[in-house]
Structure formats: structure tokens, C-alpha cells
Amino acid sequence: MSRNPSMKVEKWITSEELKKRIREKEKDIKVLNRLHFMNYLYSGCSVPEASDKLGITKVTGYNWLERWNADGYDGLIPRFAGGRPSKLSDKEKRQLKEILRKRDDWTTKEIRNLIHEEFEVEYSLKQVGIILRNMGLKFGKPYPKDYRRPPDAEKQLKKT
């Protein structure tokens with residue numbers, strides 16, 4: 001795929017406004033990199049030179065330039081589709097969270113089986129971990145429980 005090496009930059013904003021936006025306003029690192037790229041183009045660099053300075057491919061540089069020329073600043077904002085919708089609805093996730101709060105020693109396999117039994121949805125162990133993290137729950141290897149420990153062990157310990 002050949003690109004036009006003499007593509008011109010549409011100057012949607014002035015160079016000073018661009019530099020000000022880089023210094024003050026931009027928080028998203030992806031957009032910030034793209035603004036730096038545009039700044040290099042504004043200062044007279046070619047697309048291959050600006051791409052080399054930022055460590056991106058020339059194709060990516062030309063894509064950014066085309067999006068800038070078409071939409072200005074809004075063209076630099078990443079456009080993500082959002083991914084595949086979850087198999088569990090928000091209501092089902094709330095129900096799952098309530099079920100998980102009743103006990104604090106679940107294993108990932110137990111949670112996967114619970115999801116399958118309650119909601120008839122199959123997930124991998126990795127995806128179960130992702131769901132738990134997105135719910136704000138933390139998971140890890142539980143401490144082993146001593147079968148000889150009495151149920152009121154803390155109370156007995158306080159007495160001594």
C-alpha cells in the first residue's frame with residue numbers, strides 16, 4: 001500500500017494551540033503521542049521522520065495524518081468498538097456478587113461451576129478471574145484451614 005509522501009497537514013489549530021494542548025490539557029497518553037506527532041508535522045518534519053522520532057511505523061503515521069486531516073483533534077481520539085458483549089447481564093452479575101459475598105473461601109473452579117449451574121453460561125478460568133476483577137473482588141489462594149481448630153478459636157485465644 002503506497003502512500004503519498006507529499007501529503008499536506010490540515011492546520012485545524014495553530015501551532016501555539018497545539019503546543020498548549022500538549023502541555024496542559026491532554027491526559028490520555030495515546031492522544032498525547034498523536035499530538036506530538038502532529039507537532040512534528042507542524043514544525044516541518046515529514047511523516048517518516050516524525051514516525052521515527054516517536055518510534056511508530058510510517059503506516060501508523062499516515063493513518064494518524066489522514067484522521068487529523070479529516071476530523072482534526074477528534075480524529076486523534078482512539079475509536080474502540082468495546083469488544084464482545086458479556087454472556088452475563090448486569091443483573092446476573094449483581095446476583096453472582098451477592099452469592100459470592102455469602103462465603104469468602106471460593107475457588108475459581110467453584111465460581112466457574114456456580115456460574116454454569118445458576119446462569120447456564122460457560123466461562124474459562126481466566127475469564128472468571130477477569131469478571132471477578134471487574135466486579136471489584138479480589139481473589140487469591142486461600143489459607144489452608146486446620147480441621148482441628150475449634151469454631152471459637154479467637155474467643156479462646158483472648159481468654160489466655
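The values are calculated or read from the model by the stated rules, or taken from the named source; none is laboratory data. Computed from a predicted structure; not experimentally measured. No Cβ is skipped: glycine too gets one built from the backbone with ideal geometry, and neighbour counts run over all protein chains shown.
The sole residue among Glu110, Glu92, Glu118 that is part of a helix (DSSP H, G or I), touching a helix residue (DSSP H, G or I) at 6+ places or on another chain (Cβ under 6 Å) and farther than 30 Å from Gly44 by Cα is Glu92.
Quick check on Glu120: is it more than 26 Å from the chain's Cα centre (by Cα) and under 22 Å from Pro85 (Cα atoms)? When the stated conditions are applied, Glu120 passes them.
Restricting Leu54, Leu114, Leu32, Leu65 to those that are over 23 Å from the mean Cα position of the chain (by Cα) and farther than 14 Å from Val9 by Cβ reduces the list to Leu114.
Applying the criterion of being closer than 15 Å to Gln95 by Cα and either touching a residue at least 12 places away in the same chain (Cβ under 8 Å) or among the hydroxyl-bearing types (Ser, Thr, Tyr) (or both) to the residues of the stretch 129-147, the residue that is surrounded by the fewest Cβ atoms within 10 Å (Cβ to Cβ) is Met135. Residue-level analysis places Leu125 among those that are touching a Ser or Thr at 6+ places or on another chain (Cβ under 6 Å), of a type in the set (A, V, I, L, M), free of Cβ contacts under 8 Å to residues at least 40 places away in the same chain and surrounded by 10 or more Cβ atoms within 10 Å (Cβ to Cβ).
Cβ-Cβ distance below 7 Å, separation of 6 or more or different chains: which pairs start in the stretch 71-95 with a residue that is of a type in the set (Lys, Arg) and end on one that is modelled with pLDDT of 80 or more? Close Cβ pairs (under 7 Å, with a partner that is modelled with pLDDT of 80 or more) amount to Lys87/Val121; Lys93/Met135.
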